[in-house]
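Scroll down for the structure; my scribbles are underneath it.
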Amino acid sequence: MKIVILDASALNPGDMSYDCIRQFGDVTLYQKTDTEAQAIERIGDSQIVLVNKVPITRRILDACPNIRLICIQATGYNIVDCDACDARGIPVTNVPSYGTAAVAQFTLALMLETCHQIGLHNTSVHQGDWIRSDRFCYWLTPQMELAGKTLGIYGFGRIGRAVGQLAKAFGMRVLAYSRSQYPEGREIGEYVDLDTLLRESDFLSLHCPQTPQTEKLINRETLAMMKDGAILINTARGGLLDEEAVAQALVSGKLRAAALDVVSQEPMAEGNPLLSAPNCIITPHIAWAPLESRQRLLDCVVENIRCFLDGKPQNVVNL
């Protein structure tokens, strides 16, 4: 097998090894691939293609007819033209559950940061503000408890349920909106309709895929339905937000805060309105990034390749 990895650094910036892939054949590794033309040249006559964020288009598939398998080193698969792959009999695999614990943990970290602004206070102390203070303690922002608050979760799959379990440990009431309802979900929270979710949530956390139905889910209309002073958390996809509407809600105080790990364009565009919005915490899409979760992802990619070669493909998204 000839195997090409088009954007190796997205998963592995240097703290892991791709040697586990070499057991399947001749591996060519590129840290980053920027253009469609580059992708075509680099894939060449390779049979297995590993990608994280490089789009695999119909033109690439036409130009590289030897492709037999595409492995997405991530959960989302919108970067690949799955219909075109299906028409050519090329399975596309993803890794659906490697980051559940990491993303749930990070979601709670964002929630706690909106409650306490720990980074702000740490900076203040290191700048000497506590030394100069005439009080034994001080706080620069209102402090908030999670206990007794209502967390609304849009999307109650693996990650959403894991977030709900952590929230319950903090004494929160959990509401959930989801296309599908499961008994294990009812053990964690209460399934409600979207209007109820928006109206009753003190915190609203998004854990759904970005689809035509969920694009700009949080917009002027849905924001107007939310509690005054609610807090928005997004560790899913940036396109779930109308970013201009969210920025305006932060300026007006309709939202008390937003804590976001994703934006609509990544890397972030210079003119993104959220950059200048007040009370907006933004991190650079790192909820998935702990070494443990990335190693699980790579292990699953290895298993996806092995199962394909054994004639028993798994985690195929275009069946």
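Derivation of every value follows stated rules applied to the coordinates shown; laboratory data play no part. Model, not experiment: these values are computed from the prediction. Glycine gets a Cβ as well: all are built from the backbone with ideal geometry, and neighbour counts include every protein chain shown.
Points worth noting:
- Residue of Val125, Val301, Val80 that the Gaussian network model of the chain assigns the largest fluctuation, springs spanning Cα pairs under 10 Å: Val125
- For Val95, nonlocal amide neighbours, meaning residues 5 or more places apart or on other chains whose placed amide H falls under 5 Å from its own, are Ala74, Thr75.
- Take the convex hull of the alpha carbons in the range 83-177; its mean projected area over all directions comes to 9.9 nm².
- Taking amide H positions as modeled 1.01 Å from N, with prolines and chain starts lacking one, the residues under 5 Å from Met172 and 5 or more places away or on another chain are Gly148.
- J(HN,Hα) series, the range 204-221, from Karplus relation 6.51 cos²θ - 1.76 cosθ + 1.60, nearest Hz, glycine and proline x: 10, 10, 9, 9, 10, x, 8, 10, x, 7, 9, 4, 6, 4, 8, 9, 4, 5
- Each helix, a run of at least 4 DSSP H residues, gives -39500 (n - 2.57); summed and divided by the residues of the chain, these come to -9500 deg cm²/dmol at 222 nm.
- Phi-derived couplings, Karplus 6.51 cos²θ - 1.76 cosθ + 1.60 at θ = phi - 60°, listed residue by residue for the range 17-24: 10, 8, 4, 4, 7, 5, 5, 9 Hz, with x used for Gly and Pro.
- As a length-normalised measure over Cα pairs under 8 Å and 6 or more apart, the relative contact order of the range 181-317 settles at 18 percent.
- A Stokes-Einstein calculation at 10 °C with viscosity 1.306 mPa s, built on the Kirkwood radius of the chain over Cα pairs, returns a diffusion coefficient of 74 µm²/s.
- In order along the range 274-291, the phi-based Karplus estimate (6.51 cos²θ - 1.76 cosθ + 1.60, θ = phi - 60°) of 3J(HN,Hα) comes to 6, 4, 9, 6, x, 6, 10, 8, 10, 10, x, 6, 10, 4, 8, 7, x, 3 Hz; Gly and Pro are listed as x.
- Relative contact order of the chain, defined on C-alpha pairs under 8 angstrom at six or more residues apart (%): 16 percent
- Dipole magnitude for the chain: about 400 debye, using +1 per Lys or Arg Cβ and -1 per Asp or Glu Cβ, origin at the Cα centre.
- Ranking of Phe170, Phe156, Phe106 by neighbouring Cβ atoms within 10 Å, starting from the fewest: Phe170, Phe106, Phe156.
- For the chain, built as a Gaussian network whose Cα springs stay under 10 Å, the top-fluctuating residue of Ala269, Ala74, Ala289: Ala269
- Taking every Cα-Cα distance in the range 100-282 and sorting them into 10 Å bins from zero, the calculated P(r) comes out as 9, 37, 35, 14, 4, 0 percent.
- Expressed as a fraction of 2.2 N^0.38 Å, the value expected for a compact globular protein of N residues, the C-alpha radius of gyration of the range 182-298 is 1.12.
- Residues Met144, Met172, Met111, sorted so that the one with the fewest Cβ neighbours within 10 Å comes first: Met144, Met172, Met111
- Candidates Val246, Val263, Val192, ranked by Gaussian network fluctuation over the chain, Cα under 10 Å, top entry: Val192
- 0 to 90° range, to nearest 10: angle between helix 243-252 axis and the chain longest Cα axis: 10 degrees
- DSSP beta bridges fully contained in the chain are about 5 percent antiparallel.
- Residues whose amide H lies under 5 Å from that of Val80, counting only those 5 or more places away or on a different chain, are Ile56; hydrogens are built 1.01 Å from N in the peptide plane.
- By other beta-carbon atoms within 10 Å, ranking Lys149, Lys168, Lys32 with the fewest at the front produces Lys32, Lys168, Lys149.
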